[in-house]
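Heads up: the structure comes next, in structure tokens.
Computed from the coordinates by the stated procedures, all read-outs in this text should not be read as laboratory data. From a predicted model like this one, the values you see are computed outputs, not experimental measurements. Here the Cβ positions follow ideal geometry from the backbone for every residue, glycine too, while neighbour counts run over all protein chains shown.
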Amino acid sequence: LSQKHDSIQPAFQVLCDYVSRRNHSAEVDQHRALHARLLSCDLIDPAKSRVKIYLLEKTVSLSVMEDLWTLGGRRVDASTMDGLDMLRELWSLLKVPTGHLEYPKDYLEMGEIPNEQLPSMVNYTLHYNDPMPEPQVYFTVFGMNDAEISNALTIFFRRHGYDDMAKKYRVFLQDS
């Protein structure tokens, strides 16, 4: 797609360079390799479509999340740095367990309580005529305590001026 529609080619090349660098350094440690997981796009004129490339990250740590967010230091604009501060804050509030994590081999039975954590996921959006991929990182909270997660998110919402959301969030979860 990027070869036929050069509007996303620069962003695709930045992403390829980043993944190649990460995976080259991962030759020594396979746990650090990024793995392609999903691909999505807008169903519009391909020349104007956003393309999202989802990558699986098996090493869960703040430093890895920072690397994913900044594309290994390639994204250093003010908005990215503000987002990085928020990412660090949310990481601290959530107390995400770290380590090398895999997807479980089997699915959970209905009602079964998970006893494992899952790896992280990131997607990079390649926008029409934007030379830099836009990151979106996923905090995998699967297997963590729901009350602790909702408390952390409520604090985060309040700190960032989302007072209405902070007031309603736990109630919404309880009613769901």
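Data for the structure
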item: Most positive-pole-ward Cα, H100, Y18, A33, against dipole of the chain from beta carbon charges; result: Y18
item: Folded to 0 to 90 degrees: helix 78-94 orientation relative to the chain principal axis, Cα; result: 30 degrees
item: Theoretical FRET efficiency, 1/(1+(r/R0)^6), r = Cβ-Cβ of D82 and K48, R0 30 Å, to 0.05; result: 0.60
item: Rg and Dmax [Cα atoms of region 9-144; Å; Rg one decimal, Dmax integer]; result: 15.9, 46
item: Spacing of the two label points (7 Å from each Cα toward its C-beta) at N151 and K4, in nm; result: 5.3 nm
item: Check: the chain dipole with +1 on Lys, Arg Cβ and -1 on Asp, Glu Cβ, in debye; result: 220 debye
item: Point-to-point label distance, D17-Q136, nm (Cα→Cβ direction, 7 Å offset); result: 2.5 nm
item: Inter-centroid distance (Cα atoms) of region 43-69 relative to region 139-174, Å; result: 24 Å
item: Sparsely packed trypsin sites (Lys or Arg not before Pro) within region 30-88, loop by DSSP, other Cβ within 10 Å at most 13; result: K48
item: In degrees, nearest ten, helix 146-159 long axis to first principal axis of the chain (Cα); result: 70 degrees
